[in-house]
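> Quick one: structure below, then a few questions.
The values are calculated or read from the model by the stated rules, or taken from the named source; none is laboratory data. These figures come from a predicted structure and were not determined experimentally. When we count neighbours, we look across all protein chains shown, and the Cβ atoms used for this are built from the backbone with ideal geometry, even at glycine.
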Amino acid sequence: MAKKVQKTDAEWRAQLTPEQYRVMREKGTERAHTGKYAKTTDAGTYKCAGCGEPLFASETKFDAHCGWPSFTAPIDGTAVAEAHDTSHGMRRTEVLCSACDAHLGHVFPDGPGENGLRYCINSASIDLEPEKGA
């Protein structure tokens, strides 16, 4: 992980769109099936929209039919952090960018693959950097 990114609230508001700010800094959620990456199959690296840190590889993306981009694992063991989330009367595990603490989404134990995890991520919190030559 790169150096910890710290910005003032005013700096985040100036950098992010209102939707990105709501999702990433206020722990909001975009409506299902509305995010730009919900159905994307392009090759590349999904980076944090707040600080640019690599978070997920396109090879780990799958269609969970939930309406949000879903991944089986982060790009490496330090890319994301997790926190307990008991908001909205639910017990969930929140996923955060390790570098800037941006809210990305949640991780659930109902995914495919070896680890059985589904990282359900808001499109507003990520940017896809296309694979070179693609």
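> Within 20 Å of Pro112 (Cα to Cα), touching a residue at least 12 places away in the same chain (Cβ under 8 Å) and among the hydrophobic types (A, V, I, L, M, F, W, C), is that true of Trp68?
In short, yes.
> Would you mind telling me which numbered condition in (1) surrounded by 14 or more Cβ atoms within 10 Å (Cβ to Cβ); (2) β-branched (Val, Ile, Thr); (3) not in a strand (DSSP E or B) Thr41 fails?
Failed condition: (1).
> Give me the residue from region 77-99 that is part of a loop (DSSP other than H, G, I, E, B) and either without any contact (Cβ under 8 Å) to a residue 24 or more places away in the chain or in contact with a Phe, Trp or Tyr (Cβ under 9 Å, 6 or more places away or on another chain) (or both) and, out of that set, surrounded by the most Cβ atoms within 10 Å (Cβ to Cβ).
Looking at the filtered set, the residue picked out is Ala79.
> Among the residues of region 1-26, write down those that are at pLDDT 95 or above and either of a type in the set (Asp, Glu) or in a loop (DSSP other than H, G, I, E, B) (or both).
Lys7, Thr8, Asp9, Glu11, Leu16, Thr17, Glu19, Arg25, Glu26
> Name every residue in region 100-134 that is under 16 Å from Glu26 (Cα atoms), out of contact with any Phe, Trp or Tyr (no Cβ under 8 Å at 6 or more places or on another chain) and either among the charged types (D, E, K, R) or part of a loop (DSSP other than H, G, I, E, B) (or both), in order of residue number.
Residues satisfying the conditions are Cys100, Asp101, Ala102.
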